[in-house]
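*Asks:* Dumping the structure here so I can ask a few things about it.
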Amino acid sequence: MADKNREILKQKLKQRVVDPRDLEEETTGAYQGEAATMSGNPRGRKRFLIILFAALVLAILITGGILLTRRQFGGYDVSWTTDFAAANGTVESDYESYEPFGKGMIKITRDGASYIDASGKTIWNQSYEMNTPYVSVNGDYCAIADQTRTTIYILSTSGLTGQAETSLPITKVSVSSEGVVYALLEDSNASYITVFTREGAALDITIKSVLSGDGYPVDISVSPDGTEVIASFAYLTNGTLNNKIIFYNLGEVGQNASTNRVVGGFTDDFAGHLTGRVHFSDNSSAQAFYDGGIAFFSTKVLTSPELIKNEAISQTIRAIAYDHDYVGLVTDNVGTDSQEPYRLMLYKTNGTKLFDKPVSFNFERFDISNGHILLYNDTSLEVYDNNGNLKYQGNLDTTITRARVMSGGVLGLHLLVGSEGKMESVRLK
């Protein structure tokens, strides 16, 4: 009986074992069947070739895109030159500066201002007499004030919109993208922020700060919509320098906030420092640049501005630049293994750092323009994209007073270059 049971068990085990020869035959048959299908099915072969071709094209495009993004421009040509002295038949002023404005640049002298568009055409000329022109530009509006005097010219890309007169000497002005002008005035005891329409009419808004109590106003900036102001004040406490950042709201929110329209103040974060520059990037983002870092603020909640990031910078800050989308710094590069003397940093307006890299270029001017970073001196220029890739390094056949990127991409960049007595359209290629 036991032998019979053993024999039955052996038979069952044999039935569950796979013969390798059977497996080989099945596998071979499967491959042969697939090959027969491919050879006998033109549609399947075509689909396979299309997928293979698409993959190769995608790989080529990705590789080409990376190479183009990192491509450096090796030369340039000049599309046109506007010679102001030749056009006017006169010698240019001993003082001359340029500011990006509208779709071109505005040229500033002590005798007047001119707006030149991207084609080199002079749209308007505005004459005046100023000892120390102070310029604030925001989009299609600019304000030109005679610093330490009392006159402000308010202009758009179409020309003069108004002229304002102040009762006290002007320290600084800041214009909104709507043409509303905020002027910082002062006497021996106090400072005053006064507001003017684009037509030059004074609004019934004055913010007074007593120097002995509130401190000395260092800088102001107005939001693009003209309703918010950020200001830096320096003051002494027991012989120690201190600094505070104050936010004002000049709209309906500020009317209910306090008698002086203050909606926010920050002191502890700037103790022992001096904030030399403040800036509104857009209606909800502002920055304060101090000798120790950058503070990034959000004013999305109009009644309660928020410090969203305080980026400490241990090295000495040599230059700052900004536009509506980016904030940049150039600092010393001491005490590192790198041989380059400077560091170039770029941030988004919310404080996100995009890159930080050493540079050796001996620059005199630093700008951010149309997603590109410009470092330049009299005749030499370096251009980086917003990822930190060097796009151009070389000389231009002109003295560079101010440069602006107008357009371009991986195939070339179109620049406007303002120089002594002339403006040029330069294409990097």
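Only the coordinates and a few stated rules stand behind these numbers; no lab work does. From a predicted model like this one, the values you see are computed outputs, not experimental measurements. We place every Cβ from the backbone using ideal geometry, glycine too, and count neighbours over all the protein chains shown.
*Asks:* Where nothing but the Cβ of Lys and Arg (+1) and of Asp and Glu (-1) is charged, how large is the charge dipole of the chain around its Cα centre, in debye to the nearest 20?
*Replies:* Approximately 2260 debye in magnitude.
*Asks:* Here is a further query. In which sequence would T349, T336, T150 go, from the one with the fewest C-beta neighbours within 10 Å to the one with the most?
*Replies:* Listed from fewest to most nearby Cβ atoms, that is T336, T150, T349.
*Asks:* Still on this model: Determine, for L307, L49, the number of other Cβ atoms within 10 Å of each Cβ, and report the residues in order from fewest to most.
*Replies:* L49, L307
*Asks:* Continuing with the same structure: In whole angstrom, note down how far apart the Cα centers of the range 254-291 and the range 98-113 are.
*Replies:* If we compute the Cα centre of each part, the gap is 29 Å.
*Asks:* Please say if the range 302-379 is rounded, prolate or oblate, where rounded means a/c under 1.5 for a ≥ b ≥ c the square roots of the C-alpha gyration tensor eigenvalues, and otherwise the choice is prolate for a/b larger than b/c and oblate otherwise?
*Replies:* In terms of gyration-tensor shape, oblate.
*Asks:* Report the relative contact order of the range 229-319, percent, no decimals, based on alpha-carbon pairs under 8 angstrom and at least 6 residues apart.
*Replies:* 22
*Asks:* Please check: in the Gaussian network model of the chain (C-alpha springs, under 10 Å), which one of Q393, Q163, Q255 has the largest mean-square fluctuation.
*Replies:* Comparing Q393, Q163, Q255 in a Gaussian network model of the chain, the most mobile one is Q255.
*Asks:* Quick one: check the C-alpha center-to-center distance for the range 335-386 versus the range 186-202, whole angstrom.
*Replies:* So the two Cα centres are separated by 36 Å.
*Asks:* A further question follows. ³J(HN,Hα) across the range 373-380 via Karplus (A = 6.51, B = -1.76, C = 1.60, θ = phi - 60°), whole Hz, x for Gly/Pro?
*Replies:* Once θ is set to phi - 60°, the couplings for the range 373-380 become 10, 10, 10, 7, 10, 4, 10, 10 Hz.
*Asks:* Can you list the aspartates and glutamates whose alpha carbon sits under 20 Å from that of K244, skipping same-chain ones fewer than 8 residues off?
*Replies:* By straight Cα distance, K244 reaches E186, D214, D219, E228, D268, D269, D291, E306, E311.
*Asks:* For the chain, place one equal point scatterer on every Cα, skip the solvent, and apply the Debye formula. What is log10 of I(q)/I(0) at q = 0.07, 0.08, 0.11, 0.14 Å⁻¹?
*Replies:* Ignoring solvent entirely, the Cα scatterers give -0.46, -0.56, -0.92, -1.36.
*Asks:* Okay, next question. Can you give the FRET efficiency for Q72 and S97, using 1/(1 + (r/R0)^6), R0 = 25 Å, r = Cβ-Cβ distance, to the nearest 0.05?
*Replies:* Taking R0 as 25 Å, the efficiency between Q72 and S97 is 0.25.
*Asks:* Once phi is turned into θ = phi - 60°, what whole-Hz ³J(HN,Hα) does the Karplus curve with 6.51, -1.76 and 1.60 give for every residue of the range 315-327, x standing for Gly and Pro?
*Replies:* So the Karplus estimates, Gly and Pro as x, are 7, 5, 7, 8, 7, 10, 8, 6, 9, 6, 10, 9, 10 Hz.
*Asks:* If you don't mind, there's one more thing I want to ask. Where is the GNM fluctuation largest for the chain (alpha-carbon springs, 10 angstrom cutoff): A54, A113, A286?
*Replies:* A54
*Asks:* How large is the direction-averaged shadow of the alpha-carbon convex hull of the range 287-429, in nm²? Each step should come with its number before you reach the end.
*Replies:* Values: hull surface 39.0 nm².
Quarter of the Cα hull surface area: 9.7 nm².
*Asks:* Can you list the residues, at least 5 places off or on another chain, whose amide H is less than 5 Å from the amide H of L250, using H built in the peptide plane?
*Replies:* So L250 has HN proximity to E228, V229.
*Asks:* Moving on. Apply 1/(1 + (r/R0)^6) to the Cβ-Cβ distance of F53 and K357, taking R0 = 30 Å, and write down the FRET efficiency to the nearest 0.05.
*Replies:* It comes to 0.15.
*Asks:* Work out the P(r) tail for the range 122-242: percent of alpha carbon pairs separated by more than 16 Å, whole number.
*Replies:* Working: 4329 of 7260 pairs.
Tail fraction, whole percent: 60.
*Asks:* Taking a label point 7 Å from the Cα of V253 along the Cα→Cβ vector, which residues of the range 174-218 have an amide N closer than 16 Å to it?
*Replies:* So the set is empty, nothing qualifies.
*Asks:* Next question. Using θ = phi - 60° and the Karplus form 6.51 cos²θ - 1.76 cosθ + 1.60, what ³J(HN,Hα) does each residue of the range 248-265 get, whole Hz, x for Gly and Pro?
*Replies:* Couplings: 10, 10, 9, x, 5, 4, x, 5, 9, 7, 6, 5, 9, 6, 6, 10, x, x Hz.
*Asks:* Taking springs between alpha-carbon atoms closer than 10 angstrom, which of G328, G409, G162 fluctuates most in the Gaussian network model of the chain?
*Replies:* Maximum among the listed residues: G409.
*Asks:* Given H placed 1.01 Å from N in the peptide plane, which residues other than close sequence neighbours of R110 have an amide H under 5 Å from its amide H?
*Replies:* The answer is Y95.
*Asks:* Which value, in Å³ per residue, describes the convex hull spanned by the Cα atoms of the range 175-321? Please list the in-between numbers first.
*Replies:* Numbers: hull volume 17.5 nm³, N = 147.
In the range 175-321, the Cα convex hull volume per residue is 119 Å³.
*Asks:* What does the helix-only formula give at 222 nm for the chain: each DSSP H stretch with n ≥ 4 adding -39500 (n - 2.57), the total divided by the residues, and the result rounded to the nearest 500 deg cm²/dmol? Before the final figure, lay out each step's value.
*Replies:* Details: 5 runs with 73 residues, N = 429.
Theoretical 222 nm ellipticity from helices: -5500 deg cm²/dmol.
*Asks:* Would you grab the residues whose amide H sits under 5 Å from the one on F101? Only those 5+ places off in sequence or on another chain, please, with H modelled 1.01 Å from N.
*Replies:* The list, which skips near neighbours in sequence, is I106.
*Asks:* Taking one equal scatterer on every alpha-carbon of the range 353-429, how large is log10 of I(q)/I(0) by Debye at q = 0.27 1/Å?
*Replies:* Result of the Debye calculation: -1.50.
*Asks:* Between K309 and D111, what is the label-point separation in nm under the 7 Å Cα-to-beta-carbon projection?
*Replies:* Those two pseudo-labels are separated by 4.8 nm.
*Asks:* Further question: So if a site counts as exposed when it's one of the GluC sites (Glu not before Pro), its DSSP state isn't H, G, I, E or B, and it has at most 13 other Cβ atoms within 10 Å, what's the longest stretch of the chain without one?
*Replies:* 200-363
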